[in-house]
């Protein structure tokens, strides 16, 4: 996730082409041609001892002879020269390189050489990069790329060139195109962090075959997807295909789970990929999930409706007022329904009048217009007038318009008109609805990920004792825990069901459920849920999730399993069994996280129509573990080790601990007891209301990227938050920005000082170098506290703020101004 050197790579002011050539077809020739054709405004510096000029640009014999230090160097030479060239570039001061070609045996040496000189590498075996907004084409792409708002990251050269070629024909542009190649240094996570902040990029498309670091990728994707849609194309669903792309050990279902957990949307084939590019490029606004369909024929509308139902979409219900307006305009033989069939004799004017009424309405947020070839409504004429209507309508920015001009010969011009008007258009009704449902799925997933989880009713009695017990079993060379011993261990850990199955009810009145935990070589421990059978196949009979789980995530996993007919296929179960199954999943997730000695787990459960969830059989597989247990996981779990009991000045005990997603109600109650003045000091503006999304962002944090400690006391027979401190680090884990807020009626208890001291200690232990904050000049209490803890305080009269700074890798600063 490091951003060091990326600015030099992605926004260079000068580029050296090492191995620039006059010979047509050579890499150095093609690169020079593309750089010049792209209109790059910076210095282009060809390096080749055999030429005085390349493509009309003065050449230099060696890197040392260059008149300036290039921001970016593109290495177009044989792999055997790369190590020496990196040395020369490092001595010159270059900070980024694109390596077009190298074999795997060179990767380790190249990375070591680049690290020595702090040079960032794109590649090896990278097609290069294109930044159309900068006029930069530092790639081998044979296709010119227009400016757009979608960033495209790819590993495969074949996929990249296919998408770029298709986009050129559809007049779709990109904000960035970046080919990772083998990604020995710069990888997708680095680029996601960069693109998440890029103002030219509104959405991100990623095409990957493999990952180098799952945890970094999931962390970066979770962060970026909260602000911008990310669509991922991952090939290799079958075992044979996974073997071909080199990721055969990870189930495709595990990839699905990781993509969903990161808040991204996955597309499964090239048709969906093209459709996603179209929708991401042109959809201006997306809010509602219900669709209204207008067509000049029943058959294409029916095709659209089939796909909408298959993907769990919903049709819009029109308000009486809108229905009344449509009734006044439509002939009596056309009923007001959704889909709305205008009949095959629909004129262009009828299309325009109906669309205008829908645009005027408050409820129609997504409108799909289908046009089959018609003599009374020529395709191009209708498309042009509809584009003008939409683009000039005052409510257009609040509406999503999707167009499907069917056919090929008569509709080519119409689709070109829509593309020029930046209105998404597709060839088929199915493709149009699929694209719409991509956006719906993305928003549904984001909503699910932000859902506030309930707290577990039962907490583990003693986590430490359970792990110590398992460690003793491993030391005594015991590898399995099962039977009564397993039941006792689960009971100690607080599992909701701790009795073996009694012999009651007939087999036909029960359904079997299997829960398994396995270790994936890429994503770490995963949990699988499906219906237990004699021929159990994990990749076909179960749904998968990454760890950790909370109650909201467990509920969604179970809902997914039911929806995909993986469990409860014969009849619905009671709600309390769903709740108990969710509890079991969360407790099992916690057990696996707390006890890394457990390398696999299997629990077979029975559930009856009138009986609760019961354990039939289970076992834990153990193995010795050394190292940090959190390193196994693709998502950093709740860091329990930072929990700390403190005594306030009034004698009360308070628990300082990391914030949890379950804290949202308590955090809202805490904010309600902070004065407007204190909130203004904290947020530098008046905030009348904190929404669920605001609170979810504060409580559902990525512990790899930020930390928030809450101070909790027991009040009115429940947990009450009385203070919060937060620090958010940069992508390179160098600087962090902190904040602190204490309940207004509990000041002068030493709470603020203790919270800030805890955050200083955490950030220092976490390897950060500097802690920064800002406050207002009249917030004298905060300024005094900062000075006491060694922060430097710089008053900026012009900006009306005081900057607070503490160097964490050196003795406390005491200079104030």
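Does residue 151 count as assigned to a helix (DSSP H, G or I), closer than 18 Å to residue 192 by Cβ and in contact with a strand residue (DSSP E or B) (Cβ under 6 Å, 6 or more places away or on another chain)? Step through it out loud before you land on a result.
On the way: assigned to a helix (DSSP H, G or I): no; closer than 18 Å to residue 192 by Cβ: yes; in contact with a strand residue (DSSP E or B) (Cβ under 6 Å, 6 or more places away or on another chain): yes.
In short, no.
Among the candidates 716, 733, which residue alone is out of contact with any helix residue (DSSP H, G or I) (no Cβ under 9 Å at 6 or more places or on another chain) and surrounded by 15 or more Cβ atoms within 10 Å (Cβ to Cβ)? Outline the logic, then answer.
Details: 716 fails: surrounded by 15 or more Cβ atoms within 10 Å (Cβ to Cβ).
Sole residue among the options that is out of contact with any helix residue (DSSP H, G or I) (no Cβ under 9 Å at 6 or more places or on another chain) and surrounded by 15 or more Cβ atoms within 10 Å (Cβ to Cβ): 733.
Check off (1) in the same structural domain as residue 244 (by TED's automatic domain parsing); (2) out of contact with any helix residue (DSSP H, G or I) (no Cβ under 8 Å at 6 or more places or on another chain) for residue 189 and give me the number that stays unchecked.
Exception for residue 189: condition (2).
Would you mind stating whether residue 779 is touching a helix residue (DSSP H, G or I) at 6+ places or on another chain (Cβ under 9 Å), modelled with pLDDT under 90 and either assigned by TED's automatic domain parsing to the domain that holds residue 722 or surrounded by fewer than 19 Cβ atoms within 10 Å (Cβ to Cβ) (or both)? Give the derivation first.
Values: touching a helix residue (DSSP H, G or I) at 6+ places or on another chain (Cβ under 9 Å): yes; modelled with pLDDT under 90: no; either assigned by TED's automatic domain parsing to the domain that holds residue 722 or surrounded by fewer than 19 Cβ atoms within 10 Å (Cβ to Cβ) (or both): yes.
Considered against the rule, which asks whether it is touching a helix residue (DSSP H, G or I) at 6+ places or on another chain (Cβ under 9 Å), modelled with pLDDT under 90 and either assigned by TED's automatic domain parsing to the domain that holds residue 722 or surrounded by fewer than 19 Cβ atoms within 10 Å (Cβ to Cβ) (or both), residue 779 comes out as no.
So which of 412, 324 is without any contact (Cβ under 8 Å) to a residue 24 or more places away in the chain and within 38 Å of the chain's Cα centre (by Cα)?
Values: 324 fails: within 38 Å of the chain's Cα centre (by Cα).
Just one listed residue meets the conditions, 412.
Please count how many residues of the stretch 11-41 are part of a helix (DSSP H, G or I) and surrounded by fewer than 24 Cβ atoms within 10 Å (Cβ to Cβ).
Qualifying residue count, the stretch 11-41: 8.
Yes or no, residue by residue, for (1) out of contact with any strand residue (DSSP E or B) (no Cβ under 6 Å at 6 or more places or on another chain); (2) within 23 Å of residue 340 (Cα to Cα); (3) assigned to a helix (DSSP H, G or I):
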| site | (1), (2), (3) |
| --- | --- |
| 391 | yes, yes, yes |
| 394 | yes, no, no |
| 417 | yes, no, yes |
| 422 | yes, no, no |
| 451 | yes, no, no |
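Out of 667, 655, 620, I need the residue that is modelled with pLDDT of 95 or more and within 30 Å of residue 799 (Cβ to Cβ). Which one?
Only one candidate qualifies: 667.
Could you list, in sequence order, the residues of the stretch 787-814 that are at pLDDT 90 or above, over 14 Å from residue 770 (Cβ atoms) and assigned to a strand (DSSP E or B)?
Those that are at pLDDT 90 or above, over 14 Å from residue 770 (Cβ atoms) and assigned to a strand (DSSP E or B): 793, 795, 801, 802.
If you scan the stretch 759-773, which residues turn out to be over 17 Å from residue 705 (Cβ atoms) and surrounded by 19 or more Cβ atoms within 10 Å (Cβ to Cβ)?
Of everything in the stretch 759-773, those that are over 17 Å from residue 705 (Cβ atoms) and surrounded by 19 or more Cβ atoms within 10 Å (Cβ to Cβ) turn out to be 760, 773.
State all residues of the stretch 42-67 that are in a loop (DSSP other than H, G, I, E, B), surrounded by 12 or more Cβ atoms within 10 Å (Cβ to Cβ) and either touching a residue at least 24 places away in the same chain (Cβ under 8 Å) or in the same structural domain as residue 173 (by TED's automatic domain parsing) (or both); if no residue qualifies, say none.
42, 48, 51, 55, 59, 62, 63, 66, listed by residue number.
If you take the residues in the stretch 315-341 that are touching a helix residue (DSSP H, G or I) at 6+ places or on another chain (Cβ under 6 Å) and not in a helix (DSSP H, G or I), which one is surrounded by the fewest Cβ atoms within 10 Å (Cβ to Cβ)?
The extreme case among them is 336.
Among the candidates 150, 145, which residue alone is surrounded by fewer than 24 Cβ atoms within 10 Å (Cβ to Cβ), within 30 Å of residue 419 (Cα to Cα), in contact with a helix residue (DSSP H, G or I) (Cβ under 8 Å, 6 or more places away or on another chain) and modelled with pLDDT under 95? It would help to see each step written out before you state the result.
Working: 150 fails: surrounded by fewer than 24 Cβ atoms within 10 Å (Cβ to Cβ).
Only one candidate passes the filter, namely 145.
Please indicate, with yes or no, whether at least one residue in the stretch 658-676 is over 17 Å from residue 746 (Cα atoms), surrounded by fewer than 19 Cβ atoms within 10 Å (Cβ to Cβ), in contact with a strand residue (DSSP E or B) (Cβ under 7 Å, 6 or more places away or on another chain) and in contact (Cβ under 8 Å) with a residue 24 or more places away in the chain.
Yes, there is a match, as at least one residue in the stretch 658-676 is over 17 Å from residue 746 (Cα atoms), surrounded by fewer than 19 Cβ atoms within 10 Å (Cβ to Cβ), in contact with a strand residue (DSSP E or B) (Cβ under 7 Å, 6 or more places away or on another chain) and in contact (Cβ under 8 Å) with a residue 24 or more places away in the chain.
Every residue, every condition in (1) in a helix (DSSP H, G or I); (2) crowded, with 23+ Cβ neighbours inside 10 Å; (3) on the phi > 0 side of the Ramachandran plot, yes or no:
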{"residue": "167", "(1), (2), (3)": "yes, yes, no"}
{"residue": "185", "(1), (2), (3)": "no, yes, no"}
{"residue": "196", "(1), (2), (3)": "yes, no, no"}
{"residue": "211", "(1), (2), (3)": "no, yes, no"}
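So is residue 231 over 30 Å from residue 111 (Cα atoms) and modelled with pLDDT of 90 or more or not?
Working: over 30 Å from residue 111 (Cα atoms): no; modelled with pLDDT of 90 or more: yes.
For residue 231, the condition - over 30 Å from residue 111 (Cα atoms) and modelled with pLDDT of 90 or more - is not met.
Identify the single condition in (1) touching a residue at least 60 places away in the same chain (Cβ under 8 Å); (2) surrounded by 17 or more Cβ atoms within 10 Å (Cβ to Cβ); (3) closer than 23 Å to residue 279 by Cβ; (4) in contact with a helix residue (DSSP H, G or I) (Cβ under 7 Å, 6 or more places away or on another chain) that residue 311 does not satisfy, given that it satisfies every other one.
Unmet condition: (2).
May I ask you to list the residues in the stretch 722-766 that are in a loop (DSSP other than H, G, I, E, B) and either assigned by TED's automatic domain parsing to the domain that holds residue 188 or modelled with pLDDT under 95 (or both)?
730, 731, 732, 733, 734, 747, 748, 749, 750, 766
So, residue 590, is that one surrounded by fewer than 21 Cβ atoms within 10 Å (Cβ to Cβ) and either over 29 Å from residue 465 (Cβ atoms) or in contact (Cβ under 8 Å) with a residue 40 or more places away in the chain (or both) or not?
Taking the combined requirement at face value, the residue does not satisfy it.
So which of 387, 380, 362, 374 ends up being closer than 22 Å to residue 436 by Cα and surrounded by 15 or more Cβ atoms within 10 Å (Cβ to Cβ)?
Details: 380 fails: closer than 22 Å to residue 436 by Cα; 362 fails: surrounded by 15 or more Cβ atoms within 10 Å (Cβ to Cβ); 374 fails: closer than 22 Å to residue 436 by Cα.
Criteria check complete, one pass: 387.
For residue 222, work out the one condition from (1) surrounded by 20 or more Cβ atoms within 10 Å (Cβ to Cβ); (2) out of contact with any strand residue (DSSP E or B) (no Cβ under 9 Å at 6 or more places or on another chain); (3) at pLDDT below 90 it doesn't fulfil.
Only one criterion in (1) surrounded by 20 or more Cβ atoms within 10 Å (Cβ to Cβ); (2) out of contact with any strand residue (DSSP E or B) (no Cβ under 9 Å at 6 or more places or on another chain); (3) at pLDDT below 90 is unmet by residue 222, namely (3).
For residue 192, work out the one condition from (1) under 10 Å from the mean Cα position of the chain (by Cα); (2) crowded, with 19+ Cβ neighbours inside 10 Å; (3) at pLDDT below 95 it doesn't fulfil.
Residue 192 satisfies all of (1) under 10 Å from the mean Cα position of the chain (by Cα); (2) crowded, with 19+ Cβ neighbours inside 10 Å; (3) at pLDDT below 95 except (3).
Collect the residues in the stretch 244-297 that are free of Cβ contacts under 8 Å to residues at least 40 places away in the same chain and either part of a loop (DSSP other than H, G, I, E, B) or more than 17 Å from the chain's Cα centre (by Cα) (or both), keeping them in residue-number order.
244, 245, 246, 248, 268, 269
The values are calculated or read from the model by the stated rules, or taken from the named source; none is laboratory data. Just so we're clear, the structure is a prediction, and the values are computed from it rather than from any experiment. Reconstructed Cβ throughout: ideal geometry from the backbone, glycine too, with neighbour counts over all protein chains shown.
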